[in-house]
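See below for the structure under consideration.
The values are calculated or read from the model by the stated rules, or taken from the named source; none is laboratory data. Computed from a predicted model, the values in this text were never measured in an experiment. Glycine gets a Cβ as well: all are built from the backbone with ideal geometry, and neighbour counts include every protein chain shown. For accessibility, only protein heavy atoms count, side chains too; no ligands or nucleic acids. Shrake-Rupley method; radii C 1.70, N 1.55, O 1.52, S 1.80 Å.
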Amino acid sequence: MTVLKAMYGGTFDPVHYGHLKPVEILANLIGLSRVIVMPNNVPPHRPQPEATSAQRKHMLELAIADKPLFSLDERELKRETPSYTSETLKAWRAEQGPEQPLAFIIGQDSLLNFPSWHDYESILDNAHLLVCRRPGYTLTMKEDAHQAWLDRHLTHSAEDLHRTPAGKIYLAETPWFNISATLIREHLERGESCSGMLPESVLTYIEQQGLYRHAGH
Ligand code: ATP
């Protein structure tokens, strides 16, 4: 069986256990030996991260330092402009060749938004989608056409993900973690504890850098 490789994109402002724990469990469930974490550049029309790219990257490095499952990919951060996931996955596919099974990991909230992503259908030409559960979101799409798209690609078999290079959507039965970067920023702004929501090393760095103490710009 070919080794399935997975990427995990996000803003990670900051990275937290709601990112890391479901993915570690997912990796055990379906037999993933490597997850490539890929922090993004945020498009100018969207609210900007409070932490700089260098700070977001550093927090990720701290968070994964003792977790060999994860590695970091800086390709999107290094670009001057935001990149579309569809383009990044096209490039990754070109690097990996047509047979290599590839996957992109998202949370349930991202699945619901997914049809609004640029060229979303082409993403499945190049990768599978692995979806982790997140509390507060349904597992059904708002529009019938999008539900039909989901049903067309859905698989319940982890083996499928290893057997085929791309094109499947897998809804993983990972536990709920009620943590978001927004919640953490709000807690820190109010001077409240975030213990247990993110790695201590990341929290110490946040304090050292004076991050998230004030309302976002
Ligand atoms: P924010 O609160 O700033 O919007 P976030 O916590 O949602 O941030 P992102 O960096 O935007 O984090 O998310 C990256 C990916 O991680 C997305 O696919 C998102 O769905 C997923 N994710 C984030 N938090 C969780 C969680 N608690 N459970 C499952 N998936 C999550």
Viscosity 0.692 mPa s, temperature 37 °C: give me the Stokes-Einstein translational D for region 5-178 in µm²/s, with Rh taken as the Kirkwood radius over C-alpha pairs.
199 µm²/s
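Relative contact order for the chain: what is it in percent, counting Cα pairs under 8 Å that are at least 6 residues apart? Working shown, then result.
On the way: 342 pairs, mean separation 57.3, N = 217.
Once normalised by length, the contact order is 26 percent.
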Helix 200-209 versus the longest principal axis of the chain: what is the Cα-based angle in degrees, 0 to 90, to the nearest 10?
50 degrees
Could you size up the charge dipole of the chain around its Cα centre, putting +1 on the beta carbon of Lys and Arg and -1 on that of Asp and Glu, and report it in debye to the nearest 20?
120 debye
Region 5-178 accessible area per residue, 1.4 Å probe, protein heavy atoms, integer Å², reads 47 Å²
Expressed in nanometres to one decimal, the distance between label points 7 Å along Cα→Cβ at LEU183 and ASN113 is 1.7 nm
Residue by residue, what Karplus-based ³J(HN,Hα) values in Hz, rounded to whole numbers, does region 29-38 have, using 6.51, -1.76 and 1.60 with θ = phi - 60° and x for Gly and Pro?
4, 10, x, 9, 9, 8, 10, 9, 8, 10
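Tell me, what % of the accessible area of region 5-178 is carbon and sulfur with a 1.4 angstrom probe?
49 percent
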Long-range HN-HN contacts of VAL42 with modeled amide H, under 5 Å:
none
For region 5-48, what relative contact order do you get, as a whole percent, if you take Cα pairs closer than 8 Å and at least 6 residues apart?
61 percent
What lysines sit close enough to LYS142 to cross-link, taking a C-alpha to C-alpha distance under 26 Å and skipping anything fewer than 8 places away on the same chain?
LYS168
Out of the trypsin sites (Lys or Arg not before Pro) in region 156-217, which ones are loop residues according to DSSP with at most 11 other C-beta atoms within 10 Å?
ARG190
Take the Cβ-Cβ distance between GLN208 and VAL42 as r, set R0 to 30 Å, and report the resulting FRET efficiency rounded to the nearest 0.05.
0.80
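So which chymotrypsin sites (Phe, Trp or Tyr not before Pro) in region 128-217 are both in a DSSP loop and have at most 10 other Cβ atoms within 10 Å of their Cβ? All intermediate terms of the calculation are to be shown ahead of the outcome.
Values: sites: TYR137, TRP149, TYR170, TRP176, PHE177, TYR205, TYR212; in loops: TYR137, TRP176, PHE177, TYR212.
Nothing satisfies the criteria.
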Lys/Arg Cβ at +1, Asp/Glu Cβ at -1, dipole of the chain taken about the Cα centre: which of MET38, THR11, PHE70 is farthest positive-ward?
PHE70
